[in-house]
Amino acid sequence: TGGITTVSSGNLTVCTHLTYKPFEFNQDGQTVGFDIDIVNLAAKEMGLTVQVVDIDFEQITTGAVFTANRCDIAAAGMTITEPRKQAILFSDPYFDATQALLTKTGSGITGLDSLRGKRLGVQTGTTGQEYATKNAEANGYEMVVFDDLPLGVNAVKAGRVDAAINDNGVLYDFAKDNPDTEVVAEFDTGEQYGIGAKKDDANATAIIGKLNEALATARQDGTYDEIYKKWFGT
Ligand code: ARG
């Protein structure tokens with residue numbers, strides 16, 4: 001493996017926060033998804049087997065998982081942001097995203113400005129929560145914080161909140177499987193996902209180097225497009 005060591009020998013241990021379909025979710029007792037396929041490209045290159053660790057999202061964005069040596073890298077549909085860059089090392093961007101709004105189908109809600117006096121679900125520690133917080137005063141909604149994506153989107157389905165904000169990819173995926181819900185707005189937050197690792201660490205930097213190489217190759221040889229099609233269907 002070219003001098004690279006990992007927290008569990010022979011493995012590439014990957015922290016994530018389940019469930020964030022189609023990026024990471026469990027199917028037939030296995031964690032699968034777009035992110036898993038991306039990290040697998042690098043693992044294969046290094047002769048390692050991917051092992052997934054499910055952990056609170058904030059343990060990842062603060063870098064706590066790396067200082068505690070819980071995993072070698074983190075793949076969690078995680079947006080590259082300035083504050084997070086202070087705490088962790090990011091790979092090259094591998095996916096573009098923007099915030100979006102999910103409601104019950106036919107709700108009449110068209111954006112944050114339709115939510116005055118209503119309840120908006122947000123996912124804890126995410127860029128969606130940050131965006132909703134920034135716009136709360138101007139739009140007069142009440143924020144309800146959920147620990148993961150399924151709790152938020154199912155609260156929309158059940159009518160416990162009027163809308164939920166989250167990344168466009170996961171909300172379109174949910175709406176496709178749940179036609180009683182729909183995505184009614186996208187906000188141009190211009191986000192990019194990166195794979196995270198320990199900052200200022202030669203070994204972690206080498207792993208991210210391999211990941212960046214594998215990603216560049218996959219973009220060139222069509223593998224990236226195949227993975228994209230597999231999880232997004234277009
Ligand atoms: N992209 C958003 C962020 O970085 C949400 C990511 C949530 N990921 C997850 N696996 N739960 O804040």
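The values are calculated or read from the model by the stated rules, or taken from the named source; none is laboratory data. It should be emphasised that the depicted structure is a prediction, and the values quoted were computed from it without experimental measurement. Positions of Cβ are generated from backbone atoms using ideal geometry, with glycine treated the same way; all protein chains shown enter the neighbour counts. We work out accessible area using only protein heavy atoms, side chains counted, and drop any ligands, DNA or RNA first. Shrake-Rupley method; radii C 1.70, N 1.55, O 1.52, S 1.80 Å.
Amide H to amide H distances under 5 Å link A185 with L101, where only residues 5 or more positions off or on other chains count and H is placed in the peptide plane. Entry comment: accessible area of the chain is 45 Å² per residue, from protein heavy atoms only and a probe of 1.4 Å.
Give the carbon-plus-sulfur fraction of the accessible surface of the chain in %, rounded to a whole number; probe 1.4 Å, heavy atoms of protein chains only. Don't jump to the answer; show the numbers that get you there.
Details: 4780 of 10600 Å².
That fraction is 45 percent.
Taking 25 Å as R0, compute the FRET efficiency from the Cβ-Cβ separation of N212 and Y172 and round it to 0.05. All intermediate terms of the calculation are to be shown ahead of the outcome.
Details: r = 28 Å, r/R0 = 1.10.
Given R0 = 25 Å and the Cβ-Cβ separation, E is 0.35.
Hey, for a label at D56 modelled as a point 7 Å past Cα toward Cβ, could you say which residues of the stretch 148-170 have their backbone N under 16 Å away? Under cut-off, by backbone N: 148-149.
Please sort 47-59, 136-148 by packing, taking for each peptide the average over its residues of neighbouring beta carbons within 10 angstrom, highest first. Don't skip to the end; give the middle numbers.
Working: 47-59: 17.5, 136-148: 14.8.
Descending packing order for the listed peptides: 47-59, 136-148.
List the lysines whose Cα lies under 26 Å from the Cα of K198, skipping any in the same chain that are fewer than 8 positions away. Reachable lysines: K21, K44, K85, K210.
Spatially close Lys pairs in the stretch 98-190, defined by Cα atoms under 23 Å apart and a spacing of eight or more places or different chains, total 6. Each of the peptides 200-207, 123-130 was scored by the mean count of other Cβ atoms within 10 Å over its residues; in descending order, highest first, they stand as 123-130, 200-207. Counting 0.36 nm for each residue step from Q27 to R70 and taking away their Cα separation leaves a gain of 13.2 nm. Helix content alone sets the calculated 222 nm mean residue ellipticity of the chain: runs of n ≥ 4 DSSP H residues at -39500 (n - 2.57) each, divided across all residues, give -10500 deg cm²/dmol.
Over the C-alpha atoms of the chain, the Rg to Rh ratio, Rh being the Kirkwood estimate, stands at 0.99.
Of the peptides 96-102, 6-12, the ranking by mean beta-carbon count within 10 Å, highest at the top, reads 96-102, 6-12.
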